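What follows is a set of notes on a single structure, which appears directly below.
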Amino acid sequence: MSHGQRPQGGGEDYLQLDPKEVLTQFSVEWTALRASYEEVKAKLEQVQMDLTKLDEKLARREITEQEHIQQYKEKWQLSTQIIEVKREVEARLYELQQQIRTANKKLKEREAERVKREHMEEERSNAMIEWMSLKHGFELVINRRNEIAAQMDKIEAQRRTGKISEADYRSARMSQIRQLAELRTVETDVKARLAELLEVIRR
């Protein structure tokens, strides 16, 4: 593959890394840099101690002014180099800190999204089970309503032919009307619940 070519497929996805992978890489670098940072700090402290000792030696006249200047200059140059390295390490540690926080945030977002997705899938599954059960119950209600309607037609025909008394007709009619009213209430409730479940299933 030439330098100008991209991997096939996935758009810009090949540039994206898994947050876990990123976090692992950053953590490894952070640990190594942190150890280096402690070493640099220790070296800097040692140089500062050496500079103090040089001043003490000069005060005790254990070294000459010229020797003090020369050795101090060497230590100071070393100190300057160490400070520069320390600053670079600190800067990179700060960058890593921000990147680790970003990777952690992405991981938390992905985990929250996964939990949310699983919760929705569970809700859909439960809704589907309940929907199928209610749908069967709804069909039974419809069948029962049709049966009552057929019975009403039957007693109406019996009343017209005189096969049933008016008192029995009215009693049967009232019973059927009451049953239809009860079924209508159940049917309305079931329809509403089926609609709610359907919304959950379609999410």
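Straight-line cross-link reach from LYS43 at under 16 Å between alpha-carbon atoms covers these lysines, not counting any fewer than eight positions away in the same chain: LYS53, LYS75, LYS86.
Taking each DSSP H run with n ≥ 4 as -39500 (n - 2.57) and averaging over every residue of the chain yields -32500 deg cm²/dmol at 222 nm. Contact order for region 16-117, expressed relative to its length and based on alpha carbon pairs under 8 Å spaced 6+ residues apart, stands at 47 percent. Any chance you could run the full-extension gain for MET128 through GLU111? It's 0.36 nm times the residue separation minus the Cα-Cα distance, nm to one decimal. Full extension of this stretch gives 3.6 nm more.
When peptides 87-96, 55-64 are ranked by their average number of other Cβ atoms within 10 Å per residue, the highest-first order is 87-96, 55-64.
Computed over the chain with a Gaussian network model linking Cα atoms closer than 10 Å, the most mobile of THR188, THR80, THR161 is THR161. Converting phi to 3J(HN,Hα) with the Karplus coefficients 6.51, -1.76 and 1.60 and the offset θ = phi - 60°, region 162-173 yields x, 7, 9, 6, 4, 5, 5, 4, 5, 5, 5, 5 Hz in sequence order, with x at every glycine or proline. Applied to region 185-196, the Karplus parametrisation 6.51 cos²θ - 1.76 cosθ + 1.60 on θ = phi - 60° returns per-residue 3J(HN,Hα) values of 5, 4, 4, 5, 5, 5, 4, 4, 5, 4, 5, 4 Hz, with x for Gly and Pro. Remark on region 127-202: hydrodynamic radius 14.1 angstrom, per the Kirkwood mean of 1/r across alpha carbon pairs. Between the beta carbons of ALA35 and THR80, assuming R0 = 22 Å, the FRET efficiency works out to 0.45 to the nearest 0.05. For the Cα trace of the chain, dividing Rg by the Kirkwood Rh returns an Rg/Rh value of 1.61.
Return one number: the angle in degrees, 0 to 90 and rounded to the nearest 10, between the long axis of the Cα atoms of helix 65-161 and the longest principal axis of the Cα atoms of the chain. Value to nearest ten degrees: 0. The angle between the Cα long axis of helix 19-59 and the longest principal axis of the Cα atoms of the chain comes to about 20 degrees, rounded to the nearest 10. Estimated at 0.36 nm per residue, the fully extended path between LYS191 and ASP55 surpasses their Cα-Cα distance by 39.6 nm.
Region 148-182 and region 113-135 have Cα centres lying 44 Å from one another.
No lab work stands behind these numbers, since they all come straight from the coordinates. Model, not experiment: these values are computed from the prediction. Ideal geometry is used to build each Cβ from the backbone, glycine not excepted, and the neighbour counts take in all protein chains shown.
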